[in-house]
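K.L.:
I have a structure I would like to understand better, so I am pasting it below and will then ask my questions one at a time.
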Amino acid sequence: MSNDSMLNTLANGESIPVRDVPETALEVFLQGIVDLTGMGWRIASYFGVPEREGVDLWCILAGSLGRLGVFRSWVEGRLPSITPVCPEAHLFEREIAEQCGIPVDDHPWFKPVRYQRSLDRARDAWGRGNDEPILPGVGDFYRVGGEEVHEVAVGPVHAGIIEPGHFRFQCHGETVFHLEIALGYQHRGIERALINGPQATSMAQMETIAGDTTVGNATAYAMIREGLAGMTPSPQAETIRAVALELERLANHCGDMGALAGDVGFLPTMSFCGRIRGDFLNMTALLCGSRFGRGLVRPGGTYFGCEPGQAAELARRLEEARRDYGGAVELLWDSPSVMARFEKTGRVGSDDALALGLVGPAARACGIVRDVRHDHPFGLYRSFHPPVCVEPGGDVLARALVRWKESQVSMEFSLDRLGSLPGGDSMSACGKMGKGRLAVALVEGWRGEVCHVAITDGAGKFLRYKVTDPSFHNWSGLAMALRGGQISDFPVCNKSFNLSYCGFDL
Amino acid sequence: MIDLLIHLVLIILIPPLLPGVINRTKAAFAGRTGAPLLQPYYDLYRLLRKGTVFSRTTTWVFRAGPIVTLAATLAAALFIPLGNHAPPLSFNGDMILFVYLLALGRFFTTVAALDTGSSFEGMGAAREVTFSCLAEPVVLITLLVLSRLSGSLSLAGILTHSSTTLWLASGASLILLVAGLFMVLLAENCRIPFDDPTTHLELTMIHEVLVLDHSGPAFGMITYGAALKLSILSALFLHVALPLRNADPYLDWLVFVISMILLAVAIGVVESCMARLRMTRVPQMLLAACVMAAFAMILVVR
């Protein structure tokens, strides 16, 4: 059987009837994933829907030419692992085991992902009883033996009081042999809450999957709803969404540039970028009244329109921030001591990045051309293509450079789009969701690919809603970046990835 | 008698001012208003009023750490002349005692850190000891060179000997000493580029991580001790670098205070213009300071 006939393809934001998704035998399905990932496809999402007898497995692969491949299979009992030959599947398999309660055979590091119970609470992959408490971070960690090796445990309370996560370092003096990351402290059960949805609260929940990616997640959810209902938002809504997404990227990239400077003790850029980040957040507030873009994106368009006067004011502020931001970042590049600190720190090779399926700036900093806006254009990006910013280094410097380049592109793009804002309504009615359909939405959030997948049942309600945050792909990248590095470099490496804890924990 | 009193008052009151000045300078460079100049004094007052928490796994060593360290640093402060005035205590060979008093303080800070059994503090202790192994020789060699130049064996004689004429006579070796001492001044007082006093990230800390478990008055003693050490080493540095002498003893005190504040501003400027060094580069920098001091020695001895 040829690989292409094994899967059905659809474009980003489209929906297809569930019955059109090819269902294959488990071995063929798993072999298919392995083969296709070797041929340039990569796993965007791979999840299970627990049923009484077994588990319905779904796999969404992202390919070239804007195609998304989807196919499914059925497993009862135990799932054979493909991680040894396809490393990017490793967290997905652990997630399937945890959410659907089936053990995965021959997985090299078979542990819970978020320390949660299975979705239907009927089975448990580790045989834990329903009354047994499941505590995050409790369990075995990878250990290196020997007298000269010591273990350093950091967290879950973070030194900067950001979000909770537990990090275990196996160190030899100052050198890190291995870093293991345990998350799950902020698991809120977003996916479970969406089963049989959407409810009235669903939109608000989507906006808080990761507070710093509000627009990204809200846009993906809106695309799913619109795809399932078969409608397209108005041109003005598409423009406002794209501008808001870019403003979100700008605020976060700017904050990250400042935080990177702060981590190496370079105060001027830290202080300036901290302030300019606030300017970008205030621009989002100008659009919708919320600095983080809450309440802006809604299925059917955007809740707030944009008057020409508002757009002009936004453009004026953007122009001003562009000047300040440029000056602040210039200071950074002009300091040899900063460059010396960034260069060759936390390197991830492009082979590793490809094998782990990294996304977003972390992947682009390893020389991988991977950007949803370019590969699977959605909304306004179907007509306008901001260039993809790539750096080959794979180190902290490369990740900083990618952020700065992307910021410049974002500012240019937003100014252009604000200059030719389409008129008309920003909101149109989003009809009822189709019955028995599957929709996939990919959005390039500032951290990378935000992937939402929805399957509706016979009544037009969500049978399963799967969210894959870019951090889900990228946390392993951070662990790899530390391997063989200095433990004192961890904070700056961590900041250069700046991954989400709550986006991962869901 | 009056000089003795002024010495004691100055060495007790000035130390917290220096971090205040440094922070203000850094804030100005970053375009911020910054904390009040006297903030370190308020912080000390706040800490002294707080309760202290002791971990159950620690022993008396942990409690003794801050006290011994502060006492040793205070004792060392009595040997350093301020301005052009004789210090309260002075005898032949007191420079060795001075270096060892500082080492004693460090020893107790380190041992107290190891006593907690925390992996962070063990790591910090290892770093602190490794780096000070390289910083101590610089101070010792500097004192030896100055001792040779001045023909004296007491700190008072060594440090008040430096003058404009001496700079004209053996400027090359003094320049090397000043450069080496400045690096040690920054390294020993956890300033950028060696350490970041404002960081909250345990994994990158050197000095701060040693005292993570201390709280309340004990932590106040540590903060004060650190400021005191900064002013002692600053005074030492100023004696070599800026031998401003005046006939009027009272004007001398004033010149001394002003030059201390200027040095704090200079440290703030360095901190604002530089990022931290990679941890693996710190020993190399300190080694460079050692080499400079050694060269100064060769220039003097030849």
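K.L.:
Out of A:Asn494, A:Asn498, which single residue is free of Cβ contacts under 8 Å to residues at least 40 places away in the same chain and either among the hydroxyl-bearing types (Ser, Thr, Tyr) or outside the structural domain of A:Leu296 (by TED's automatic domain parsing) (or both)?
P.N.:
A:Asn494
K.L.:
So, one more: Quick check: is even one residue across the stretch A:469-485 part of a strand (DSSP E or B), among the basic types (Lys, Arg) and either without any contact (Cβ under 8 Å) to a residue 24 or more places away in the chain or more than 14 Å from every other protein chain (Cβ to nearest Cβ) (or both)?
P.N.:
No: the stretch A:469-485 contains no residue that is part of a strand (DSSP E or B), among the basic types (Lys, Arg) and either without any contact (Cβ under 8 Å) to a residue 24 or more places away in the chain or more than 14 Å from every other protein chain (Cβ to nearest Cβ) (or both).
K.L.:
So if I check each of A:Leu478, A:Leu506, which one is in contact with a Leu (Cβ under 8 Å, 6 or more places away or on another chain) and either aliphatic (A, V, I, L, M) or within 15 Å of A:Thr219 (Cα to Cα) (or both)?
P.N.:
On inspection, the qualifying residue turns out to be A:Leu478.
K.L.:
Here's another thing I want to ask about it. Name every residue in the stretch B:273-302 that is modelled with pLDDT under 90 and touching a Phe, Trp or Tyr at 6+ places or on another chain (Cβ under 9 Å), in order of residue number.
P.N.:
B:Cys273, B:Met274, B:Ala275, B:Arg276, B:Leu277
K.L.:
I've got another one for you. Answer yes or no as to whether B:Ser272 is more than 14 Å from chain A (Cβ to nearest Cβ), in contact (Cβ under 8 Å) with a residue 12 or more places away in the chain and of a type outside the set (Val, Ile, Thr).
P.N.:
Answer is no for this residue.
K.L.:
Are any residues in the stretch A:94-121 without any contact (Cβ under 8 Å) to a residue 24 or more places away in the chain and under 21 Å from A:Thr37 (Cα atoms), and if so, which ones?
P.N.:
A:Arg94
K.L.:
Please indicate, with yes or no, whether at least one residue in the stretch A:212-230 is assigned to a loop (DSSP other than H, G, I, E, B) and not basic (Lys, Arg).
P.N.:
Yes, some residue in the stretch A:212-230 is assigned to a loop (DSSP other than H, G, I, E, B) and not basic (Lys, Arg).
K.L.:
Report whether or not B:Ala64 is more than 19 Å from B:Ser132 (Cα to Cα) and assigned to a helix (DSSP H, G or I).
P.N.:
Here the answer is yes, as B:Ala64 does meet what is asked.
K.L.:
Let me ask something additional. Could you please find all residues in the stretch B:92-135 being away from chain A (no Cβ under 14 Å) and at positive phi?
P.N.:
Of everything in the stretch B:92-135, just one residue is away from chain A (no Cβ under 14 Å) and at positive phi, namely B:Gly93.
K.L.:
Any residue in the stretch A:431-440 that is closer than 16 Å to A:Pro470 by Cα and more than 16 Å from the chain's Cα centre (by Cα)?
P.N.:
no
K.L.:
How about the stretch A:78-120: which of its residues are part of a loop (DSSP other than H, G, I, E, B), in contact with a Pro (Cβ under 7 Å, 6 or more places away or on another chain) and crowded, with 17+ Cβ neighbours inside 10 Å? Break it down stepwise before answering.
P.N.:
Taking the stretch A:78-120 as the starting set, the residues that turn out to be part of a loop (DSSP other than H, G, I, E, B) are A:78, A:81-86, A:101-103, A:106-120.
Cutting the leftovers down to in contact with a Pro (Cβ under 7 Å, 6 or more places away or on another chain) gives us A:78, A:83-84, A:101, A:106, A:108, A:115, A:118-120.
Listed by number, the residues that qualify are A:Thr83, A:Gly101, A:Tyr115, A:Ser118, A:Leu119.
K.L.:
Do we have any residue at all in the stretch A:143-152 that's touching a residue at least 40 places away in the same chain (Cβ under 8 Å), touching a Leu at 6+ places or on another chain (Cβ under 8 Å), among the β-branched types (Val, Ile, Thr) and part of a loop (DSSP other than H, G, I, E, B)?
P.N.:
First pass over the stretch A:143-152, keeping only residues touching a residue at least 40 places away in the same chain (Cβ under 8 Å): A:152.
Of the ones still in play, those that are also touching a Leu at 6+ places or on another chain (Cβ under 8 Å) are A:152.
This time we only want the ones that are among the β-branched types (Val, Ile, Thr), so: A:152.
Next, from what is left, pick out any that are part of a loop (DSSP other than H, G, I, E, B): none.
Within the stretch A:143-152 (the criterion being touching a residue at least 40 places away in the same chain (Cβ under 8 Å), touching a Leu at 6+ places or on another chain (Cβ under 8 Å), among the β-branched types (Val, Ile, Thr) and part of a loop (DSSP other than H, G, I, E, B)), the answer is no, since none of the residues qualifies.
K.L.:
Additional query: Give me the pairs, please: first residue somewhere in the stretch A:26-37 and among the hydrophobic types (A, V, I, L, M, F, W, C), second residue anywhere and surrounded by fewer than 16 Cβ atoms within 10 Å (Cβ to Cβ), beta-carbon distance under 6 Å, and either six or more positions apart or on two chains.
P.N.:
Note: pairs meeting the criteria are A:Val34/A:Val85; A:Leu36/A:Asn3.
K.L.:
If B:Ala169 passes every condition in (1) within 14 Å of chain A (Cβ to nearest Cβ); (2) over 30 Å from B:Ser55 (Cβ atoms); (3) of a type outside the set (S, T, N, Q); (4) more than 13 Å from the chain's Cα centre (by Cα) but one, which one does it miss?
P.N.:
(1)
K.L.:
Another question, then. Within the stretch A:133-151, identify whether any single residue is touching a Ser or Thr at 6+ places or on another chain (Cβ under 9 Å), closer than 30 Å to B:Val129 by Cα and outside the structural domain of A:Lys466 (by TED's automatic domain parsing), and answer yes or no.
P.N.:
For the stretch A:133-151, residues touching a Ser or Thr at 6+ places or on another chain (Cβ under 9 Å), closer than 30 Å to B:Val129 by Cα and outside the structural domain of A:Lys466 (by TED's automatic domain parsing): present.
The values are calculated or read from the model by the stated rules, or taken from the named source; none is laboratory data. Nothing here was measured: the structure is a model prediction, and the numbers come from that model. Counting neighbours? That spans all protein chains shown, and the Cβs are built from the backbone with ideal geometry, glycine included.
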